[in-house]
Ligand code: ADP
């Protein structure tokens, strides 16, 4: 049985502990617990029986057994409500006839693991489709179409498109992983957004003209120096303007704007007057491989990674990305970045 002195020390120790932890005395009462444990088991009270706060029979049984034989035990608990969470629980003797129960939250790690597995499955699937088509055409060119010059030309041009799609996908995947690797390092070069936006608009003008679209540039400041990485910011605007061309073409006009905000930062926007995006898709739009319409994205040569790249780059720049869209009216992507002098 711990005395008042050891009780106070136990409380202090548990408070400093990063995981939820409960010290239980030989009578099965809570001798000490920390705030994390309180969050996990809101009914827990010091000096009250553990059974008041916890009902899990496996946990209670393990505590009883460890109190009796002093053996350390480990097991996993999965809580389903209100949200699914997994814990590695350790029940160990802690002196004075007490046992210490520690809950190590595995949820975040599990979620990351699942995301990683999903990501690899998605990436493999995206690569397999064009690869299967390439292999199919190679076979046809070797066999049935061997001496058919017209078919050969047609197949080679399809193969060219598929191979380029794979190259684009790999390029986007590599960029994503590079940006993620450096996510914690804020890029600090002085980059003029006016120059970046004009460069992107100039580069994409031929594609826009081809689709019978016009750009309307509304650039207020002469220069707009932000802290950043020029290539990455070029990529952001390149993706947004290209998306506006690919998906927003019904509108015939794309507005590209840049303003200085009252607090001296900069807001850039790319707005199209196309079909818009239904509200239920908006929260997931920047997830890797998420597309509103998979076939339309593939037909347009999309990889499904463009907006994921945009989001990661903007996060690394400690900026903000807002997406507003209304069905049949169009979509507006807004990006806020800090001025170079302010950083
Ligand atoms: P993709 O390579 O498919 O274009 P993105 O990550 O750039 O991938 O975009 C994800 C999805 O968001 C697209 O497939 C499309 O469904 C939707 N989307 C992006 N931009 C627009 C836009 N301007 N108008 C309508 N839908 C858009």
- Residue check, residue 287 against (1) under 25 Å from residue 213 (Cβ atoms); (2) without any contact (Cβ under 8 Å) to a residue 60 or more places away in the chain; (3) part of a loop (DSSP other than H, G, I, E, B), all met but one. Which one? (1)
- Query: Considering segment 319-343 alone, what residues qualify as being under 14 Å from residue 224 (Cβ atoms) and assigned to a strand (DSSP E or B)?
  - Reply: 335, 336, 337, 339
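Residues in segment 106-125: is at least one closer than 30 Å to residue 10 by Cβ and touching a residue at least 24 places away in the same chain (Cβ under 8 Å)?
So far as segment 106-125 goes, yes, one or more of its residues are closer than 30 Å to residue 10 by Cβ and touching a residue at least 24 places away in the same chain (Cβ under 8 Å).
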- Task: For residue 314, indicate whether it is within 12 Å of the ligand (Cβ to nearest atom) and in contact with a strand residue (DSSP E or B) (Cβ under 7 Å, 6 or more places away or on another chain).
- Result: no
- Message: With the requirement that a residue be surrounded by 11 or more Cβ atoms within 10 Å (Cβ to Cβ) and closer than 26 Å to residue 303 by Cα, what does segment 140-159 give you?
- Response: 154, 155, 156, 158, 159
- Answer yes if at least one residue in segment 99-107 is under 30 Å from residue 17 (Cβ atoms) and assigned to a helix (DSSP H, G or I), and no otherwise. yes
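Would you pick out the residues in segment 6-31 that are under 17 Å from residue 51 (Cβ atoms) and not in a loop (DSSP other than H, G, I, E, B)?
Selection gives 22, 23, 24, 29, 30, 31.
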- Could you tell me which numbered condition residue 276 fails, if it satisfies all but one of (1) under 26 Å from residue 130 (Cβ atoms); (2) out of contact with any helix residue (DSSP H, G or I) (no Cβ under 8 Å at 6 or more places or on another chain); (3) within 8 Å of the ligand (Cβ to nearest atom)? (1)
- Give the residues of segment 53-97 that are farther than 30 Å from residue 112 by Cβ and surrounded by 19 or more Cβ atoms within 10 Å (Cβ to Cβ), sorted by residue number. 63, 66, 94
- Need at least 2 residues that are buried (at least 22 other Cβ atoms within 10 Å of the Cβ), within 16 Å of the ligand (Cβ to nearest atom) and modelled with pLDDT of 95 or more per element, so show me which strands (runs of 3 or more DSSP E) inside segment 209-273 make the cut, counting only ones lying wholly within it. 253-260, 266-272
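The values are calculated or read from the model by the stated rules, or taken from the named source; none is laboratory data. Because the structure is a prediction, the values reported are computed rather than measured. Using ideal geometry, Cβ is built from the backbone for each residue, glycine included, and neighbour counts are taken over all protein chains shown.
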